[in-house]
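K.L.:
Questions regarding the structure given below will be posed in turn.
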Amino acid sequence: MDNGIISTVDTAKRSCNRCFAQKGFRPSNEDKEIALKNTKSAAELYRNKFDELRKNDDTVEKINIVKYSKTLCLDAIDACEKCNKERPRIKEILLDLPK
């Protein structure tokens, strides 16, 4: 995985966890917005990587891994938008990303 993607995903997971941990102390959505923004950015990076791999006729395995990762990011975005702060949803979903 690219360093840019790793950094973006790690920031999203940290912000999601902080949003969850501070649900009773800080009702602002600053951490949620950061987590959501970074997850959307990761999904876009995966989309670009997917297009690049297809363009270069890379292996099916690599293409499927990137496609799966992009889908997980999109699922995490949906989960965050519906989140009631009962669990760190983005973090839980993004932990399943392939290394």
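A short reminder: the numbers here are calculations on the coordinates, not readings from a lab. On a predicted model such as this, the values are computed, not experimentally measured, just so you know. Note that we place each Cβ from the backbone using ideal geometry, even for glycine, and neighbour counts take in every protein chain shown.
K.L.:
Simple spin-label model, 7 Å along Cα-to-Cβ: residue 95 to residue 7 in nm?
P.N.:
2.6 nm
K.L.:
With runs of 4+ DSSP H residues as the only contributors, calculate the mean residue ellipticity of the chain at 222 nm using -39,500 (n - 2.57) per run, divided by the residue total and rounded to the nearest 500.
P.N.:
Value at 222 nm, helices only: -25000 deg cm²/dmol.
K.L.:
Rounded to whole Hz and in sequence order, give me ³J(HN,Hα) for region 77-88 from the Karplus expression 6.51 cos²θ - 1.76 cosθ + 1.60, θ = phi - 60°, writing x for Gly and Pro.
P.N.:
4, 4, 5, 5, 5, 9, 5, 10, 6, 7, 8, x
K.L.:
Related question: For a quick check: sort 54, 18, 89 by the number of other beta carbons within 10 angstrom, fewest at the front.
P.N.:
54, 18, 89
K.L.:
Further question: Springs between alpha-carbon atoms under 10 Å, Gaussian network over the chain: tell me which of 11, 59, 39 tops the mean-square fluctuations.
P.N.:
Result for the chain, Cα springs under 10 Å: 59 fluctuates most.
K.L.:
Additional query: Return a whole-number percent for the relative contact order of the chain, with Cα pairs under 8 Å and 6 or more residues apart as the contact set.
P.N.:
Computed value for the chain: 34 percent relative contact order.
K.L.:
Sequence neighbours fewer than 8 away in the same chain don't count; with that in mind, list the lysines whose C-alpha is under 16 Å from residue 49.
P.N.:
40, 62, 67, 70, 99
K.L.:
Right, next: Can you tell me the order of 71-77, 91-97 when each peptide is scored by its average per-residue count of other Cβ atoms within 10 angstrom, highest first?
P.N.:
Ranked from most to least packed, the peptides come out as 71-77, 91-97.
K.L.:
How big is the convex hull of the Cα atoms of region 3-94, per residue, in Å³?
P.N.:
Once divided by residue count, the hull of region 3-94 is 73 Å³.
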